[in-house]
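A.B. asks: I'd like to ask some things about the structure below.
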Amino acid sequence: MEHARSHLFDHAATTGRGLETRDIGDTETYDRYLGFDSKESFMEWLKEGVVADIGAGECMMSIDIMLNNQSTAEITSVEPKLKNPEFRKKVLERARKIFLEQGIKSSELVEKMQAFENGLKDFSWDNLEFEDEAFDKIISVVSFPYWEFSKEGVSKGLHEMYRILKKGGEMRLSPLHKTFSVISRNEEIHSEEHLYLDEFTSIAKRIGFNVSTVDLKGEKYTSCVILTK
Ligand SMILES: C[S@@+](CC[C@H](N)C(=O)[O-])C[C@H]1O[C@@H](n2cnc3c(N)ncnc32)[C@H](O)[C@@H]1O
């Protein structure tokens, strides 16, 4: 999981625009963002099943899972930027480089790259072109507060996620701020609309999710939201 750590640290150091994760520092990892006690418990959760990573960026989560011999999870990375051929090419080249660095033999590389590429989808979270109940687990890390700026959009996106999640499935969105609006936080967008965590969880409950939150370790103000169906 080395790549996830360095990637998230890079991300946190170079982005921000008000997202509090910037301050978390170089010990940050996906397991912590997603409310697990340890990497081991996160990997146990990801040991199997059909998983979607929504707002996947450069799709590092897919690479990590595909490199983990303990996991048979089948992972799909949903990232609208994949529509851009240059971005897609960059993601594929990076994956190939990491697979080779991590000791994947050239004889296995074609198959590995094919599986990786098959899992790349350029959809937006509010129009997920998957069958109903296609996924056991959905994750979205350091993503959601960047891209949603209206309550209506949140409701539409959550409906889509609910539709594609299996009964008994679990979705984890993180990090969401406990006191700031979880939308309209991009200073460049000057939207008048705000949505606080309580209202976000009410929308999710109305849609049908069971909702709980886990405080991020060492963080006073941010939570991972766990939504089950
Ligand atoms: C801050 S990045 C996080 C990337 C990744 N989860 C990670 O941990 O490195 C947020 C991503 O959300 C994507 N995004 C933007 N609008 C989106 C939408 N409508 N649906 C899904 N993803 C979106 C962006 O393109 C961007 O790659």
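A.B. asks: Just to be sure I understand the model, the point goes 7 Å from the Cα along the line to the Cβ. What's the resulting Glu129 to Leu109 distance in nm?
C.D. replies: With each label point 7 Å from Cα toward Cβ, the separation is 3.0 nm.
A.B. asks: Now a separate question. Using the number of other C-beta atoms within 10 angstrom as an exposure proxy, rank Val91, Val110 with the fewest first.
C.D. replies: In order of increasing Cβ crowding within 10 Å: Val110, Val91.
A.B. asks: Here's another thing I want to ask about it. Could you please rank Ile98, Ile138, placing first whichever residue has the fewest other Cβ atoms within 10 Å of its Cβ?
C.D. replies: The fewest-first ordering by Cβ neighbours comes to Ile98, Ile138.
A.B. asks: Please arrange Tyr33, Tyr221 by how many other C-beta atoms lie within 10 Å of their C-beta, fewest to most.
C.D. replies: Tyr221, Tyr33
A.B. asks: Given the pairs Lys81/Lys229; Lys137/Lys167; Lys81/Lys151; Lys83/Lys167; Lys39/Lys217; Lys166/Lys217, which are separated by over 20 angstrom at their Cα positions?
C.D. replies: From the list (Lys81/Lys229; Lys137/Lys167; Lys81/Lys151; Lys83/Lys167; Lys39/Lys217; Lys166/Lys217), the Cα-Cα distance tops 20 Å for Lys81/Lys229; Lys81/Lys151; Lys83/Lys167; Lys166/Lys217.
Values quoted throughout were computed directly from the atomic coordinates according to the rules given, and no laboratory measurement underlies them. Note that the structure is predicted; figures quoted are calculated from it, not measured. A quick note on method: Cβ atoms are made from the backbone with ideal geometry, for glycine too, and the neighbour counts reach across all protein chains shown.
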